[in-house]
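Derivation of every value follows stated rules applied to the coordinates shown; laboratory data play no part. Remember, predicted model here, so these are calculated numbers, not experimental data. Backbone-built Cβ (ideal geometry, glycine too); neighbour counts: all protein chains shown.
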Amino acid sequence: MDILLILLAYIVYIAFLVRVFIHARIWLTAEEQSVTYRRPLSSINTCGITALDILFFRKLFANDKLLWPGSWFFHLSLFFVLLRHLRFFLQPAPACVAVIQPYGIFAGYTLFIALVLIIAVRLLTWKKRYVSYSNLFILSVLLLLSFSGLLMRNFFRPDLLQAKAFILGILTFRPEAAPSGFLFVFHFLMALLLLPYVPSHIFSAPFVIAEAARREEGIGMMMHEK
Amino acid sequence: MKNKNSFSRGLSRIQLMELDACTQCGECLKFCPVQDVTGNPLISPPEKIRVFREFIRATDGLKARLFGTGEVDRRLLEDFTKAVYECTTCGACGQNCTVGIFTQRLWPMLRAEMVRRGLGPIGIQAEMPGLIDKTGNPYGKPAGERFSPWFPGNVRIAESADIAYYAGCSGSYEAHPMVKGDVLVLDTIGEPFTMLPPEAEVCCGFPLFITGQHDMLEDLIKRLVDAYKARGVKTLICSCPCCVNIMVRDWPIFYGSDLPFKVRHISQVVSEAIQEKRLVLSKGLQEKLIYHDPCYLSRGVGVIEEPRRVLKSIPGVELLEFDRHGVNSRCCGSGGAARKVFHENAIAMGRLTIDEAVAKGADRLVLSCPACYAKVNEAMLGHDKQVRIVDIMELLSDLVERGQS
């Protein structure tokens, strides 16, 4: 069983890297667009709008006040949860990882609530709503990951030292046994299932958001400044 | 080396990133005019992007690299082609996209890919290159009828001048009151202006660009730019938002360098003339007017304030606004060269514009685009709600006289 989990982890991880490589290659071999009316990113307005869009989902806030809190808290919570999980991947764990542990624990709860809210908004506000089944699948996997994580945190604690040894073993190619217990294996499998479906927008959206801010700020250059 | 069969070959780097950046959140559907009248999510922006990603995966993905490009299901390609051409390319989805995908530019490029594969364009759109080649316009009408039915007999055209007026095909053949109004107002301002002869004033290229048929563009654009250059033109004035859009955004690309003149929308020129008292509003109008922002003028090139300034300068006028106006305006249904192919959609969208104008209590619906003018007038026929439709310069031409300064 442990060997299967470890092999699966390597396969999924390699597939993930290949996917990232293929996307990057497609982007890098494409041509730059020919003409653009856009402000430089260094302009204060463009920079400010880009930051607001990336950090606070400004446009989503403008369009959907119901989805925004779910989406924003989901991303923020996930960020802290992932930071908290760094303690399993780094030996020794840096002091900053130790500092964020309480925030990471809190984020575990907000992550779950945010996911429930997102799914509820997606499914219950049908009118004029595009339901992406792949998106719902990813959200469901995340919900299961989050729920199993909360269960392990509060009720069925795995052996954390063994969990860390297992993860580090995979990273250092010196496999160790996984901690016993269904929940850890389930949580780990859900993470592996999620990896191939990690939406590509997490890599490309920041660039697109920055470009949109430059374009929107530059629209006045077309008919008003020349 | 780029795969010659790749679906990504015609897209720029940022456009490929845009396809990847779509989060499939579906927020854009609230703003899509085609969704307003069809309610079909299969032709929605995120679905088009999802399907096109599948196409790219089929030609550029790992499986394609290891085992060669597989065949993409013909039915899926045809359905996608219909979806991408049913769109009015108004860009409202992109304007409200949570990550800012520039859809007003992306959709035409996806259409171009469908054209390369022999799947697009749809219906009579396919006849446009031939018609333009033969007659100079996408309607296939004789060049001799371009100006003669509407051009005011008392207006003089200079042989050469700093200013030139481009009437455009849709205005010249389908919205006579609009182009007549343009010429009358320009004449009232009093600065000499020139125009190309009807056989030389060919299509600006927009209908070809927007339908993804790019082969003739360079030739058309070079002919037009060189003709204006030969007349010593420094400022090219046009009232058609689609023409203005392609002139500003794409003419420099196809011409190969910056244009030797600047392009201005007529509302900019008129607004300035009123401000500088070169044009005086001698008559008032005790009416409520509602102004519809054309997508390619507002979202496209950012001309939003000038038409309002012009309308507000008319004594007695109360200017109303649509709920969605400015960069967020809702398409009247005639965009994207879809109005003659997906006629019922366009009529339904036009009627939504009429309904809102009536609900707001407007006496007149003011337009500033020949395609909007033609289609919204058509949508009015047989509709239970009625409002008077007028083009902004058509309206103004009856109210102005030459100023002193």
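What do you get for Rg/Rh over region B:268-317 if you use C-alpha atoms and the Kirkwood form of Rh? It would help to have the intermediate numbers written out before the result.
Working: Rg = 11.9 Å, Rh = 11.7 Å.
My calculation puts Rg/Rh at 1.01.
Tell me, what is the percent relative contact order of chain B, built from C-alpha pairs under 8 Å that lie six or more residues apart? Before the final figure, lay out the partial values.
Values: 741 pairs, mean separation 67.5, N = 405.
That works out to 17 percent.
Quick one: if the Förster radius is 35 Å, what FRET efficiency do residue A:42 and residue B:321 give, using the C-beta to C-beta distance and rounding to 0.05?
Values: r = 35 Å, r/R0 = 1.00.
Efficiency, rounded to the nearest 0.05: 0.50.
Please determine, in degrees from 0 to 90 and to the nearest 10, the orientation of helix B:343-359 with respect to the longest principal axis defined by the Cα atoms of chain B, where the helix direction is its Cα long axis.
Around 50 degrees separate the two axes.
Please check: in the Gaussian network model of chain B (C-alpha springs, under 10 Å), which one of B:353, B:23, B:211 has the largest mean-square fluctuation.
In this elastic network of chain B, the residue with the biggest mean-square fluctuation among B:353, B:23, B:211 is B:23.
Take the Cα pairs of chain A, get the Kirkwood Rh, then feed it into Stokes-Einstein at 10 °C and 1.306 mPa s and tell me D in µm²/s. Don't skip to the end; give the middle numbers.
On the way: Rh = 20.3 Å.
My calculation gives 78 µm²/s for D.
Could you state the angle between the C-alpha long axis of helix B:266-275 and the longest principal axis of the C-alpha atoms of chain B, as a value from 0 to 90 degrees rounded to the nearest 10?
Result, in degrees: 40.
For chain B, give the share of DSSP beta bridges that are antiparallel, in percent and rounded to the nearest 5; count only bridges with both residues there. Working shown, then result.
Details: 3 of 24 bridges.
The antiparallel proportion sits near 10 percent.
I want to check the label-to-label distance for residue A:1 and residue B:40. Put each point 7 Å from Cα in the C-beta direction and report it in nm to one decimal.
5.1 nm
Hey, got the average number of other protein chain Cβ atoms within 10 angstrom for residues in B:290-302?
On the way: counts 0, 0, 0, 0, 0, 0, 0, 1, 1, 2, 3, 7, 9.
Per-residue shielding by partner chains comes out at 2.
Sort region A:129-220 into rounded, prolate or oblate with this rule: let a ≥ b ≥ c be the square roots of the eigenvalues of the Cα gyration tensor; rounded if a/c is under 1.5, and if a/c is not under 1.5, prolate when a/b is larger than b/c, oblate otherwise.
Values: a/c = 3.18, a/b = 2.09, b/c = 1.52.
Prolate.
Given an 8 Å cut-off on Cα distances and at least 6 residues of separation, report the relative contact order of region B:258-315 as a percent. List each step's numbers first, then the result.
Details: 33 pairs, mean separation 27.9, N = 58.
Relative contact order for region B:258-315 comes out at 48 percent.
Sort out for me the Cα centre separation of region A:164-222 from region B:337-392, rounded to whole Å.
Centre-to-centre distance over Cα atoms comes out at 48 Å.
How do B:139, A:109 line up, fewest other C-beta atoms within 10 Å first? Before the final figure, lay out each step's value.
Details: B:139 20, A:109 14.
Neighbour counts put them in this order, fewest first: A:109, B:139.
Starting with the highest mean, order A:28-34, B:308-314 by the number of other Cβ atoms within 10 Å, averaged over the residues of each peptide. Present the calculation step by step, with values, prior to reporting the outcome.
On the way: A:28-34: 13.3, B:308-314: 19.6.
Per-residue Cβ counts within 10 Å, averaged per peptide and sorted highest first, yield B:308-314, A:28-34.
How far is helix B:370-380 tilted, in degrees, relative to the longest principal axis of the Cα atoms in chain B, given as a value from 0 to 90 rounded to the nearest 10?
90 degrees
Using amide H atoms built in the peptide plane, which far-off residues or other-chain residues are under 5 Å from residue A:31 H to H?
B:13
Tell me which of B:128, B:106, A:66 sits at the most positive position along the dipole axis of the protein assembly as shown, charges placed on C-beta atoms (Lys, Arg +1; Asp, Glu -1).
It is A:66.
Can you give the convex hull volume per residue for the Cα atoms of chain B, as a whole number of Å³?
Details: hull volume 55.6 nm³, N = 405.
Roughly 137 Å³ of hull volume per residue.
Tell me which DSSP H helices of chain A clear both cut-offs, 24 Å or more of axial length from alpha-carbon atoms and a mean Kyte-Doolittle hydropathy of at least 1.6. Provide the component values of the computation, followed by the final result.
Numbers: long enough: A:2-29 (40 Å, 1.91); A:67-85 (27 Å, 0.95); A:101-124 (34 Å, 1.78); A:133-154 (31 Å, 1.37); A:201-218 (25 Å, 0.03).
Membrane-span-like by this rule: A:2-29, A:101-124.
Please state the relative contact order of region B:342-405 as a whole percent: Cα pairs under 8 Å, 6+ residues apart?
It comes to 38 percent, rounded to a whole number.
Report the one residue of A:95, B:230, A:83 whose Cα lies farthest in the direction of the positive end of the charge dipole of the protein assembly as shown (charges on C-beta: Lys and Arg +1, Asp and Glu -1; origin at the Cα centre).
A:95
Would you mind computing, in nm to one decimal, how far apart the modelled labels at residue B:162 and residue B:71 are, each placed 7 Å from Cα along Cα→Cβ?
6.4 nm
Considering chain B as a Gaussian network with a 10 Å cut-off on Cα pairs, which listed residue, B:22, B:238, B:93, attains the greatest mean-square fluctuation?
B:22
Could you list A:204, B:282 so that the one with the fewest beta carbons within 10 Å of its beta carbon is first and the one with the most is last? Mind dumping the intermediate values first?
Details: A:204 22, B:282 13.
By the 10 Å Cβ count, ascending, the order reads B:282, A:204.
For chain A, modelled as a Gaussian network with Cα springs under 10 Å, which listed residue fluctuates most, A:51, A:95, A:120?
Comparing A:51, A:95, A:120 in the GNM, the peak value goes to A:95.
Pull out a ≥ b ≥ c, the square roots of the eigenvalues of the alpha-carbon gyration tensor of region A:1-111, then state rounded if a/c is under 1.5, prolate if not and a/b is larger than b/c, and oblate in the remaining case. Don't jump to the answer; show the numbers that get you there.
Working: a/c = 2.12, a/b = 1.28, b/c = 1.65.
Here region A:1-111 falls in the oblate category.
Give me a comma-separated list of calculated 3J(HN,Hα) values for region B:227-235, in order, Karplus coefficients 6.51, -1.76, 1.60 applied at θ = phi - 60°, integers in Hz, x for any Gly or Pro.
5, 5, 4, 5, 8, x, 6, 10, 9
Beyond 26 Å between alpha-carbons counts as too far, so tell me which of B:4/B:262; B:30/B:385; B:30/B:375; B:4/B:82; B:82/B:385; B:288/B:385 fall in that bin. Show your work: numbers first, answer last.
Numbers: B:4/B:262 38 Å; B:30/B:385 24 Å; B:30/B:375 23 Å; B:4/B:82 24 Å; B:82/B:385 31 Å; B:288/B:385 17 Å.
In this structure, B:4/B:262; B:82/B:385 exceed 26 Å between Cα atoms.
Evaluate region B:282-353: find the radius of gyration of its Cα atoms, find its Kirkwood radius, and give the ratio Rg to Rh.
Values: Rg = 14.1 Å, Rh = 13.4 Å.
Answer for region B:282-353: 1.05.
In terms of modelled amide H atoms, which long-range or inter-chain residues lie less than 5 Å from the amide H of residue B:262?
Placed amide hydrogens put B:235, B:236 under 5 Å from residue B:262.
Please list, ordered by chain and number, the residues whose modelled amide H lies under 5 Å from the amide H of residue B:388; skip anything fewer than 5 residues away on the same chain.
Correct list: B:365.
In whole angstrom, note down how far apart the Cα centers of region A:1-50 and region B:1-30 are.
Using only Cα atoms, the two centres lie 13 Å from each other.
Show me the ranking of peptides A:147-158, B:29-40 by mean Cβ neighbours inside 10 Å, starting with the highest. Don't jump to the answer; show the numbers that get you there.
Working: A:147-158: 15.3, B:29-40: 20.2.
With the highest mean Cβ count within 10 Å placed first, the list reads B:29-40, A:147-158.
Please work out the Cα convex hull volume for region B:162-227 and give it in Å³ per residue. It would help to have the intermediate numbers written out before the result.
Working: hull volume 5.9 nm³, N = 66.
Each residue corresponds to 90 Å³ of Cα convex hull volume.
Hey, got the dipole for region B:85-225? About the Cα centre, +1 on K and R Cβ, -1 on D and E Cβ, debye to the nearest 20? Before the final figure, lay out each step's value.
Details: 11 positive and 16 negative charges, 72 e Å.
Using Cβ point charges on Lys, Arg, Asp and Glu, region B:85-225 gives about 340 debye.
Once the Cβ-Cβ distance between residue A:123 and residue A:20 is put in as r, and R0 is 30 Å, what FRET efficiency do you end up with, to the nearest 0.05?
Details: r = 30 Å, r/R0 = 1.02.
That gives a FRET efficiency of 0.50.
Could you work out, for region B:225-312, what percent of all Cα-Cα pairs fall into each 10 Å distance bin, beginning at 0 Å and stopping at the bin that holds the largest distance?
15, 41, 30, 11, 2
Under the Karplus relation 6.51 cos²θ - 1.76 cosθ + 1.60, θ = phi - 60°, what is the ordered set of whole-Hz ³J(HN,Hα) values for region B:201-210, x standing for Gly and Pro?
The phi angles translate into 7, 8, 3, 6, x, 4, x, 6, 4, 6 Hz.
For the residues B:188, B:103, what sequence is obtained by ranking on other C-beta atoms within 10 Å, fewest first?
Numbers: B:188 21, B:103 27.
Lowest to highest Cβ neighbour count: B:188, B:103.
May I ask you to evaluate 6.51 cos²θ - 1.76 cosθ + 1.60, the Karplus curve with θ = phi - 60°, for each residue of region B:159-175 and list the ³J(HN,Hα) values in order in whole Hz, giving x for glycine and proline?
5, 9, 6, 5, 10, 10, 10, 10, 7, x, 6, 5, x, 5, 9, 10, 9
Using 0.36 nm per residue of separation minus the Cα-Cα distance, give me the extension gain between residue A:192 and residue A:90 in nm, one decimal.
34.8 nm
Quick check: pseudo-label points 7 Å beyond the Cα along Cα→Cβ at residue B:234 and residue B:283, how many nm apart are they?
If labels sit at residue B:234 and residue B:283, their model points lie 3.4 nm apart.
Taking every eigenvalue of the Cα gyration tensor of the protein assembly as shown, multiplying by 5 and rooting it, what semi-axes result, largest first, whole Å?
Computed over the protein assembly as shown, the values are 53, 26, 22 Å.
What size of dipole, in debye to the nearest 20, comes out for chain A about its Cα centre when the only charges are +1 on Lys and Arg C-beta atoms and -1 on Asp and Glu C-beta atoms? Don't jump to the answer; show the numbers that get you there.
Values: 20 positive and 11 negative charges, 86 e Å.
Taking the Cα centre of chain A as origin, the dipole is about 420 debye.
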